[in-house]
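Peer 1: Sharing a structure, written as structure tokens. Questions coming.
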Amino acid sequence: AHCGYFSFAAASLGARKVIAFEPMLENYRMLIKNMRDVNFSQFEGYPFGVFTSTCSMKLDVPSYQNSHYDWANIELNGNSQKKCIAQFLTLDEILTTVVLENVDILKISIGYAESEILRASNELSRVENICGEVSIGKEAIEPFVAILNNKGYTDVLTFQVPENETRTLFLASRTECAKAFHTT
């Protein structure tokens with residue numbers, strides 16, 4: 001969830017409920033503060049992330065750049081002197097133990113392993129639409145779309161990020177992307 005941009009947007013656009021996950025403690029604190037500041041009572045935030053397995057990981061604390069720490073770009077196995085510990089659950093654990101109702105829109109953008117996380121999930125039948133960023137280049141877009149098609153998403157749109165050839169934006173829907181997302 002980082003510091004809550006998407007959570008805020010979802011709440012502002014009329015979401016009945018927003019459930020957000022953020023493993024980096026500094027980001028999580030800011031997420032909670034930001035959502036408290038907008039007084040959205042149907043918000044739940046959790047201090048863990050999603051990964052391919054349940055685990056704790058030591059993550060690099062990012063370096064100070066241009067007047068801020070870039071907590072959105074975390075290295076999993078970098079060379080930073082400063083480390084922090086973050087907790088992770090699988091997507092299926094989140095969907096079966098935390099999010100107990102069906103999901104209208106799942107947003108995933110974590111900077112690593114998105115396609116592996118979605119491929120490994122057996123609970124995506126409870127999710128109607130998915131959007132986000134996936135860490136893949138042009139050559140992996142077709143196999144990624146096939147993963148989503150195999151999970152029942154019949155309409156998948158992808159957009160290569162021009163300034164970053166390893167990032168692809170995507171929308172996926174069991175019906176039509178245009179019904180769930182503004183696509184113009």
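The values are calculated or read from the model by the stated rules, or taken from the named source; none is laboratory data. As the structure is a prediction and not an experimental result, all values here were calculated from the model. Backbone-built Cβ (ideal geometry, glycine too); neighbour counts: all protein chains shown. The protein model used for the area step is the full one, side chains on, heavy atoms only, and it has no ligands, DNA or RNA in it. Shrake-Rupley method; radii C 1.70, N 1.55, O 1.52, S 1.80 Å.
Peer 1: So, I85, is that one of a type outside the set (K, R), open to solvent by 30 Å² or more (accessible area, probe 1.4 Å) and touching a residue at least 40 places away in the same chain (Cβ under 8 Å) or not?
Peer 2: no
Peer 1: Scan segment 162-169 and give yes if some residue there is surrounded by 13 or more Cβ atoms within 10 Å (Cβ to Cβ) and in contact with a Phe, Trp or Tyr (Cβ under 9 Å, 6 or more places away or on another chain), otherwise no.
Peer 2: Filtering segment 162-169 for residues surrounded by 13 or more Cβ atoms within 10 Å (Cβ to Cβ) gives 167-169.
Next, only the ones that are in contact with a Phe, Trp or Tyr (Cβ under 9 Å, 6 or more places away or on another chain) stay: 168-169.
Yes, segment 162-169 has at least one match.
Peer 1: Further question: Say we look at segment 82-113 and pick out the residues that are within 18 Å of A172 (Cα to Cα) and of a type in the set (V, I, T); which of these is nearest to the chain's Cα centre (by Cα)?
Peer 2: Ranking the qualifying residues of segment 82-113, first place goes to I108.
Peer 1: Please enumerate the residues belonging to segment 124-144 that are surrounded by fewer than 17 Cβ atoms within 10 Å (Cβ to Cβ) and within 21 Å of F51 (Cα to Cα).
Peer 2: Result: S125, R126, G137, A140, P143.
Residue-wise test of (1) of a type in the set (G, A, S); (2) open to solvent by less than 30 Å² (accessible area, probe 1.4 Å); (3) more than 13 Å from the chain's Cα centre (by Cα).
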{"site": "E26", "(1), (2), (3)": "no, no, yes"}
{"site": "R29", "(1), (2), (3)": "no, no, yes"}
{"site": "I32", "(1), (2), (3)": "no, no, yes"}
{"site": "D37", "(1), (2), (3)": "no, no, yes"}
{"site": "S41", "(1), (2), (3)": "yes, no, yes"}
{"site": "S56", "(1), (2), (3)": "yes, no, yes"}
{"site": "D60", "(1), (2), (3)": "no, yes, yes"}
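Peer 1: Just name the residue that is modelled with the highest pLDDT out of those in segment 134-163 that are within 18 Å of the chain's Cα centre (by Cα) and among the polar types (S, T, N, Q).
Peer 2: T158
Peer 1: Turning to a different aspect of this structure: Scan segment 29-45 and report the pairs whose first residue is without any contact (Cβ under 8 Å) to a residue 60 or more places away in the chain and within 16 Å of L13 (Cβ to Cβ) and whose second residue is open to solvent by 50 Å² or more (accessible area, probe 1.4 Å) and of a type outside the set (F, W, Y), with Cβ atoms within less than 9 Å and a gap of 6+ or a chain change.
Peer 2: Once the first residue is without any contact (Cβ under 8 Å) to a residue 60 or more places away in the chain and within 16 Å of L13 (Cβ to Cβ) and sits in segment 29-45, its partners that are open to solvent by 50 Å² or more (accessible area, probe 1.4 Å) and of a type outside the set (F, W, Y) give V38/S12; F40/S12; Q42/R16; Q42/K17; F43/K17; F43/R36.
Peer 1: Please find, among A11, A72, the residue that is outside any strand (DSSP E or B) and either at pLDDT 75 or above or over 24 Å from I117 (Cβ atoms) (or both). Can you show your working first?
Peer 2: Numbers: A72 fails: either at pLDDT 75 or above or over 24 Å from I117 (Cβ atoms) (or both).
A11 is the lone residue from the list that is outside any strand (DSSP E or B) and either at pLDDT 75 or above or over 24 Å from I117 (Cβ atoms) (or both).
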